[in-house]
Amino acid sequence: MRRPEDETDPLHRLVRTWAQAINERDIDTLTANSDPAVDVYPLQIATVSGHYTGHDGLRRWLEDADATNIGYMVDFVGIRTIGEGRVALFGQVHVEGKAISPYSMIATVEDGKITSMRSYLSDEETMRHLKLID
């Protein structure tokens with residue numbers, strides 16, 4: 001699995017760092033790499049609400065994710081720039097160590113910070129078919 005430091009593209013490095021921080025439930029790294037008004041639509045799993053705003057929202061998201069107690073994480077396998085400041089990351093959602101679904105994340109980056117993120121339970125081909133990516 002590629003690590004953030006393996007990425008030569010600064011946008012890809014930032015998005016992988018941010019995604020790794022989600023898996024590690026590392027709020028310090030998330031907030032350090034996010035705009036203060038970041039707008040996040042993560043996967044709706046158990047008690048996760050589906051929409052969080054700002055650094056306080058990121059904290060609530062991680063608290064909600066931990067409260068589910070289902071041990072989910074994403075194995076990230078592909079990444080590509082999809083437009084000016086937009087990066088798509090692809091992988092598999094794992095719950096308690098078992099792969100359960102494809103995963104896609106689209107992040108928007110401005111001035112070196114994540115300003116928005118949306119997650120989907122779909123693969124790259126489906127995202128393309130739905131015209132969410134080119």
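Data for the structure
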item	result
Enumeration of residues in segment 18-42 that are in a strand (DSSP E or B), within 15 Å of Glu110 (Cβ to Cβ) and either in contact with a Phe, Trp or Tyr (Cβ under 6 Å, 6 or more places away or on another chain) or of a type outside the set (Gly, Ala, Ser) (or both)	Asp35, Pro36, Val38, Asp39, Val40
Enumeration of residues in segment 20-53 that are closer than 11 Å to Ile114 by Cα and not polar (S, T, N, Q)	Leu30, Ala32, Asp35, Pro36, Ala37, Val38, Asp39, Val40
Number of positions in segment 95-109 that are over 11 Å from the mean Cα position of the chain (by Cα) and farther than 11 Å from Asp123 by Cα	7
Top-ranked residue of segment 125-134 - restricted to ones that are surrounded by fewer than 17 Cβ atoms within 10 Å (Cβ to Cβ) and touching a strand residue (DSSP E or B) at 6+ places or on another chain (Cβ under 8 Å), ranked as modelled with the highest pLDDT	Thr126
Residue in segment 15-36 that is within 15 Å of Tyr120 (Cβ to Cβ), in contact with a helix residue (DSSP H, G or I) (Cβ under 8 Å, 6 or more places away or on another chain) and surrounded by 17 or more Cβ atoms within 10 Å (Cβ to Cβ) present	yes
Positions within segment 1-14 being surrounded by fewer than 16 Cβ atoms within 10 Å (Cβ to Cβ) and either within 14 Å of Glu110 (Cα to Cα) or modelled with pLDDT of 95 or more (or both), in sequence order	Pro10
All positions within segment 96-123 that are touching a residue at least 40 places away in the same chain (Cβ under 8 Å), more than 23 Å from Asp28 (Cα to Cα) and surrounded by fewer than 18 Cβ atoms within 10 Å (Cβ to Cβ)	Leu121
Pick from segment 58-94, criterion modelled with pLDDT under 85 and within 17 Å of Tyr120 (Cβ to Cβ), ranking: nearest to the chain's Cα centre (by Cα)	Met73
Qualifying residues in segment 63-95 (those that are surrounded by 14 or more Cβ atoms within 10 Å (Cβ to Cβ) and touching a Lys or Arg at 6+ places or on another chain (Cβ under 8 Å)) - the one nearest to Leu11 (Cα to Cα)	Val87
Thr47 hydroxyl-bearing (Ser, Thr, Tyr) and modelled with pLDDT of 95 or more	no
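The values are calculated or read from the model by the stated rules, or taken from the named source; none is laboratory data. The shown structure was predicted, so the numbers you read here are calculated from the model rather than taken from an experiment. Please note: Cβ atoms are built from the backbone with ideal geometry, for glycine as well, and neighbour counts cover all protein chains shown.
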